[in-house]
Amino acid sequence: PAPPSTTELETLAIAAVGEYDAAADSTSVTLDRPLLHRHFADDVLTDADGAHWPRIALAAPVGLVGNFSNVAVLTDEEDAQHGGAIVIGGSLTGTWVGTANVSDIELWRLGKFALQQPAVRFDYVGQSAALERQAALGADESVLARVAFGQSQAGAVEINGGQAILLDGCVFHETLRSAVWVGKASAHDVVRIERNAAFGTLRHPSESNAWIRQFAAFLLEVRVASLVGNVAAGSADTGFVYRPHLADGACAAGADGSAPLERHELNEAVGCMVGLFVLRACPDASLCARCAAVRGFVAWK
C-alpha cells in the first residue's frame, strides 16, 4: 500500500462467467485484464501445527461492487465533491422519529465533503435520540441491506444518536473517510453490523494536513450489539476502531469458556495501516479495573 491516497485495491470488470462446479462449490470468472498486485490465498496454519486454531486460511477478499441492481442513485459528475445525501432522523422534541428500510440498491458518489455530509446519515437529536421515546412511538429497526456504496465523498454511513439499526451485507467501495461511523452520541448495544465489506477506505485529497483526523473502515465509538463477519480490505488508516464490552466476572488468563467462533463470524482486516484499534471499554474510571472482552478479529498483511 502507498497511503494516504492508494492501497492495493483493484477494480476490474467481469468479462465472462464460467459454469458452476458443484464438486468444488465454486464458479470461475474471467476478468477484463490481468491483476497488477499479488493477492494472497492459502492456509497459514493446518491441523498438524497444533496451534490454538486448528486451521487458518487467509484469502484476499473479493466483492461485487456494482451493476447488480436496477436501482441506482448517483451524482453524474465524475469529480464532484458535492453530491446528494440521504438523511434519516428525528425532531428535537421527539415528536417525529424516522426509520428506513432500504435494500438492493446502489449509491454512487454521494456525500458533500465541504459540509462533511456522508452518503447516508442517521441523525437523531434532542428527545428523538432517547430509546424510550422511540419505543413509545413504535419506531421499528432501520435496515440497510445489500446496498452498494461507491466513492462516497465524506464517508458512507454515519450514525448519531442512533436507534436500533442493522447494516447487513453492504459493500463500500473507495470510500473517502470512514465507510461506517457510529458516533459517540449513539446508544450502546443497539446497532448491528453484520457481513459488510469495505474495499478501499481512503483519505480525502482535500483533507487538511494541519492535523490528522483518524478514520476507519468501521469506526465504532460505542459498543455495538453485534459485529460479525465484516471485512475491512485496504484502508489508508484503520480497519476497525472498536469499543469492547466489559468482561463478565474476574479477569483470568486464557480462554473464557466461550464457544469458538466459526470462520464466517470473524471480522477481518487486510491491507490496513492499522488492523484493529481498541478503545477503552469502561465508561467511567470506577469501572476501569475490570477487563475488556475482545474476540473475533483477524488482521493480516
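Here is how the numbers come out for the structure above:
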quantity: Long-range HN-HN contacts of Val241 with modeled amide H, under 5 Å; calculated: Phe218, Leu219, Leu220, Phe277
quantity: Dipole of the chain [Lys/Arg +1, Asp/Glu -1 at C-beta], most positive-end residue of Val143, Ile159, Pro34; calculated: Ile159
quantity: Per-residue ³J(HN,Hα) for segment 89-95, Karplus 6.51 cos²θ - 1.76 cosθ + 1.60, θ = phi - 60°, Hz, x for Gly and Pro; calculated: x, x, 7, 4, 7, x, 5
quantity: Largest to smallest accessible area among Asp248, Asp189, Asp25 [probe 1.4 Å]; calculated: Asp248, Asp25, Asp189
quantity: For the chain, built as a Gaussian network whose Cα springs stay under 10 Å, the top-fluctuating residue of Ala130, Ala13, Ala269; calculated: Ala13
quantity: Value of relative contact order over the chain, rounded to a whole percent, pairs C-alpha under 8 Å and six or more apart; calculated: 13
quantity: Solvent-accessible surface (1.4 angstrom probe) belonging to Leu31, in square angstrom, nearest 10; calculated: 70
quantity: Longest exposed-site-free window of the chain, the sites being chymotrypsin sites (Phe, Trp or Tyr not before Pro) in a DSSP loop that have at most 16 other C-beta atoms within 10 Å; calculated: 97-210
quantity: Karplus-derived 3J(HN,Hα), 6.51/-1.76/1.60, for each residue of segment 159-174, Hz, glycine and proline x; calculated: 10, 10, x, x, 8, 5, 9, 10, 10, 9, x, 7, 10, 10, 10, 6
quantity: Local net charge near Glu262, Cβ-Cβ under 15 Å (Lys/Arg +1, Asp/Glu -1); calculated: +1
quantity: Residue order for Arg38, Arg203 - accessible surface, 1.4 angstrom probe, largest first; calculated: Arg38, Arg203
quantity: Segment 154-248, relative contact order in percent, only Cα pairs under 8 angstrom and at least six apart counted; calculated: 30
quantity: Estimated vicinal HN-Hα couplings, Hz - segment 10-15 in sequence order (Karplus 6.51, -1.76, 1.60; Gly, Pro = x); calculated: 10, 10, 10, 9, 7, 8
quantity: Solvent-accessible surface (1.4 angstrom probe) belonging to Ser103, in square angstrom, nearest 10; calculated: 50
quantity: GNM result for the chain, Cα springs below 10 Å: residue of Gln153, Gln163, Gln116 fluctuating most strongly; calculated: Gln116
quantity: Identified option (computed semi-axes √(5λ) of the Cα gyration tensor in Å; candidates (1) 51, 20, 19; (2) 30, 28, 19; (3) 37, 24, 20); calculated: (2)
quantity: GNM result for the chain, Cα springs below 10 Å: residue of Ala59, Ala72, Ala232 fluctuating most strongly; calculated: Ala59
quantity: Cα principal axis extents for segment 125-211, largest first, Å; calculated: 44, 32, 17
quantity: Beta bridge orientation in segment 82-208: antiparallel %, DSSP, nearest 5; calculated: 10
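The values are calculated or read from the model by the stated rules, or taken from the named source; none is laboratory data. None of the values given here were measured: they were computed from a predicted structure. All Cβ positions, even for glycine, are placed from backbone atoms using ideal geometry, and neighbour counts span all protein chains on display. Just the protein is used for accessible areas: all its heavy atoms, side chains included, with ligands, DNA and RNA removed. Shrake-Rupley method; radii C 1.70, N 1.55, O 1.52, S 1.80 Å.
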